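Read the structure below first, then the notes.
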Amino acid sequence: MATAVERDGLPDWLVPVRDAAERVQPGQLSRFLPPARGGRRSAVLVLFGEGDHGPDLLLIERARSLRSHAGQPSFPGGALDPEDGDPLGPGPVNAALREAQEETGLDPSGIQVFGILPDLYIPVSDFVVTPVLGWWRESSPVGPVDPAEVASVFRVPVADLTDPANRARLRHPSGHTGPAFLVAGTVVWGFTAGVIDRVLHYSGMERPWDGSRVVGLDEDAFGAAVAERERARDRTAGGA
């Protein structure tokens, strides 16, 4: 499934994302960087498309029965398998596309890989993660392939991710705080939110938002996200 990176042929709105990916440094994306040795190699697919509500981003919600990151919204992705190839070569791209197909049922042939972000690190799971950037030039139907692994698959409009009303910082019970997005009736946080936050910032898509707004990883945060979903539905109904 080896797929080369193709930087040309993108829609105009996605070009700044590609350009940012080509110049961003690891330390600009996260303070958690891979150790000199060790770590479990993995990759995620950061897949942009154009849906009914304009440019969007594909996310999944992990099944709540999983041992790691249960119930958490995330990018499709997972650990590299031997058949994916060299972790320092085509392995991450192959793994990102394979895992996305296995989790969501998408057709990888319709995806243009246009960039690869620097490797990042998730200390709690010891994963060294390569974010692979994709353009969904020929979208295909998606949904949970195995409900034991993926609870839902959804596309979030980029306009919702950049809307200041949907931005906050989330305080984890451990005391750590990081970016969060209250979208699609859920709260996107952790590694996934951190990558989205930095991509929006360095591509120039970010809009000014209230960084002092803090929510907890509890019912309040989820309630706020659900309320925003209902407001979005009302806006859609009002414009119909």
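For the pair Glu149 and Thr177, the difference between a 0.36 nm per residue extended length and the Cα-Cα distance amounts to 7.4 nm. Per residue, the accessible area of the chain comes to 48 Å², computed with a 1.4 Å probe over protein heavy atoms only. When Asp19, Asp197 are compared by accessible area at a 1.4 angstrom probe, the order from most to least is Asp19, Asp197. In terms of its C-alpha gyration tensor, segment 46-165 comes out rounded, because the ratio a/c of the largest to the smallest axis stays below 1.5. At 20 °C and 1.002 mPa s, what whole-number value in µm²/s does Stokes-Einstein give for the translational diffusion of segment 4-109, with Rh from the Kirkwood sum over Cα pairs? Diffusion coefficient, whole number: 136 µm²/s.
Here the chain exposes an accessible surface that is 51 percent carbon and sulfur, computed with a 1.4 Å probe and the other protein chains kept in place. Ranking of His172, His53 by solvent-accessible surface, largest first: His53, His172 (1.4 Å probe, protein heavy atoms only, all chains present). For the chain, adding -39500 (n - 2.57) for each run of n ≥ 4 DSSP H residues and dividing by the number of residues yields -8500 deg cm²/dmol at 222 nm. Are there any helices in the chain, counted as whole DSSP H runs, that stretch 24 Å or more along their axis by Cα and score at least -1.0 on average by Kyte-Doolittle, and if so which? What comes out of the filter, once short or polar helices are dropped, is 219-239.
Quick one: in the chain, what % of C-alpha pairs are over 25 Å apart? Taking all Cα-Cα pairs of the chain, the fraction more than 25 Å apart is 39 percent. Ellipsoid semi-axes for segment 115-213, based on the Cα gyration tensor and the rule √(5λ), read 22, 19, 16 Å when sorted largest first. Taking packing as the residue-averaged number of other Cβ atoms within 10 angstrom, the listed peptides 22-34, 133-145 run from highest to lowest as 133-145, 22-34.
The values are calculated or read from the model by the stated rules, or taken from the named source; none is laboratory data. These numbers come from a predicted model, not from an experiment. Using ideal geometry, Cβ is built from the backbone for each residue, glycine included, and neighbour counts are taken over all protein chains shown. Accessible surface is based on the protein model in full, side chains and every heavy atom, while ligands, DNA and RNA are left aside. Shrake-Rupley method; radii C 1.70, N 1.55, O 1.52, S 1.80 Å.
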